[in-house]
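Heads up, the thing below is written out as structure tokens.
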Amino acid sequence: MDFLLGWRVFPLLTLLASFLFFFYMKTSSKPSNSECSLLPHDRFWILSNNIVTPTGVISGAVEVRGGNIISVVNKENQQWKIKSNVVDYGDAVVMPGLIDVHAHIDEPGRTEWEGFSSGTKAAAAGGVTTLIDMPLNSYPSTVSEETLKLKVDAAEDKIYVDVGFWGGLVPDNAFNRSALEGLLKAGVLGLKSFMCPSGINDFPMTNASHIKEGLNVLAKYKRPLLVHAEVELDSESDSEASDGINDVRSYSTYLKTRPPSWEAAAIRELLAVTKDTRTGGPSEGSHVHIVHLSDTRASLDMIKGAKSSGDSLSVETCPHYLAFSSEEIQDGDTRMKCSPPIRDSANRERLWDALTEGHIDMLSSDHSPTVPELKRFDEGDFLKAWGGISSLQYVLPVTWSYGRKYGITLNQLASWWSERPAKLAGQDLKGSIVSGSHADIVVWEPDTEFELDDNHTAYHKNPSISAYMGKRLSGKVLATFVRGNLVYKEGQHAPVACGVPILAK
Ligand SMILES: [Zn+2]
């Protein structure tokens, strides 16, 4: 392009780009109607002395219009003072809403475990503005275009926050490129696979060859593969446990059946394949994300090494690994059973170190509830009880309450719970308080304490099975906005569920 022509075309291009931008902003947000929000304005200002932006915590205002953040201004900027529709939250923290990339909403099929309505009400009450649903524990599992449609249909008109979906990479579809592409084209944000039995019959485990094939397909769509990294290894304690030598009510018995070597062995196997994701590699463009890391020894060192070699790799851990330690789990308290297991307190300290030093990239709930009967509280049998921890509504106060002694900051919380999860899920318009983003916001009071007792209103199904019941936490959610809709405010939800299913294009 010649120089002069460039100058003539440039303003036109800018005009076209702005037109497209505004058109996109208009169409990408569902217009708020009065029933979607507890606040009757389409345009308003959120004020606070603690607004968490990517460049630091500021005192100022966030301008919202049509579901999006239009501007973020410092207090010194007087602009907002002349405006009406101002909601002043004083010293309460205004932070990007949490994006939970690992939640099991078990509808359709096991709605008595968790459903879209209950799960997203709990999310909203906990400041979680986006959930990415796991492809298993519902029935059928989300492993095809057809089963994804069942999920999306089941979610319709029931969701209070936005919900995206991971699809399953299973032996049935791993070598069937057109089936996998069908699932990706239908809108799953990425795939999930297990390197050990998942505990769900219609979600079988994959090996490294399945994963290699899956990554190759994902590369084309630039979407991630999430992996449950444990492989079953024979161990003496395993047979001792099943022979009844160990007490099945003792947590240590369960712990011995899933040692750290299971995680390390899986990660070793997995990293042989993640090399493919490197620049110039056969699956460049894909990404591997290790879910719920528990082991901080060999596993973590291998992950660090692979990252520094250029593998496109990230890793999450969950609040229950950061809050609890194996030594404190009471006999028969199967609320605490999950896999991989909660390990000892020295391991927990190293998890905090890895998180605060940036080796663990993000957090997720792994909210994986069931009905109380399957937790087998009567017998307290750790080997037979359902493995999965129910936590969705509490992840923000839990992370904050247990993290305070490690000096965690509001910006770290926003990075672990919003910015990096948004990136993993390919949600460029979510996860940060910046102009142009969706107005997905949580307002909360870090110093307000509350007891998780029977008087506390929990919205997820089967609240009694949550591992956090009986705990005192600090960090009370006052309000949650999803694309500008005030969907939750101090114990009240908006009359209508106006969250939207997020489907990748
Ligand atoms: Zn899970």
*asked:* Scan segment 70-91 and tell me whether some residue there is charged (D, E, K, R), within 16 Å of the ligand (Cβ to nearest atom) and either touching a helix residue (DSSP H, G or I) at 6+ places or on another chain (Cβ under 9 Å) or farther than 21 Å from residue 482 by Cα (or both).
replied: no
*Residues of segment 143-175 being more than 15 Å from residue 133 (Cβ to Cβ) and of a type in the set (Ser, Thr, Tyr), which ones?*
144
*When you go through 269, 230, 263 one by one, which is the residue that is away from the ligand (no atom under 16 Å from the Cβ), modelled with pLDDT of 95 or more and in contact with a helix residue (DSSP H, G or I) (Cβ under 6 Å, 6 or more places away or on another chain)?*
269
*Kindly provide the set of residues from segment 49-72 that are over 15 Å from residue 93 (Cβ atoms) and touching a Lys or Arg at 6+ places or on another chain (Cβ under 6 Å), ordered by number.*
65, 67
*Looking at segment 143-181, which of the residues that are among the charged types (D, E, K, R) and in contact with a helix residue (DSSP H, G or I) (Cβ under 7 Å, 6 or more places away or on another chain) is surrounded by the fewest Cβ atoms within 10 Å (Cβ to Cβ)?*
177
*Limited to segment 351-393, what total is found for residues that are away from the ligand (no atom under 15 Å from the Cβ), surrounded by fewer than 21 Cβ atoms within 10 Å (Cβ to Cβ) and not hydrophobic (A, V, I, L, M, F, W, C)?*
13
*Failed condition for residue 433, given (1) more than 16 Å from the ligand (Cβ to nearest atom); (2) more than 20 Å from the chain's Cα centre (by Cα); (3) assigned to a loop (DSSP other than H, G, I, E, B); (4) touching a residue at least 12 places away in the same chain (Cβ under 8 Å), with all others met?*
(2)
*Counted residues, segment 66-80 - those being over 26 Å from the mean Cα position of the chain (by Cα) and assigned to a strand (DSSP E or B)*: 3
*asked:* Suppose we filter 133, 100 for residues that are within 16 Å of the ligand (Cβ to nearest atom), under 29 Å from residue 57 (Cβ atoms) and crowded, with 23+ Cβ neighbours inside 10 Å; which single one remains?
replied: 100
*Provide a single number: the residues in segment 460-501 that are crowded, with 21+ Cβ neighbours inside 10 Å and within 25 Å of residue 67 (Cβ to Cβ).*
15
*asked:* Yes or no: segment 142-153 includes at least one residue that is in a loop (DSSP other than H, G, I, E, B), out of contact with any Pro (no Cβ under 6 Å at 6 or more places or on another chain) and either over 17 Å from residue 479 (Cβ atoms) or modelled with pLDDT under 95 (or both).
replied: yes
_Every residue from segment 447-473 that is of a type in the set (S, T, N, Q) and either in a loop (DSSP other than H, G, I, E, B) or at pLDDT 95 or above (or both)_ = 448, 455, 457, 462, 466
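The values are calculated or read from the model by the stated rules, or taken from the named source; none is laboratory data. As the structure is a prediction and not an experimental result, all values here were calculated from the model. Note that we place each Cβ from the backbone using ideal geometry, even for glycine, and neighbour counts take in every protein chain shown.
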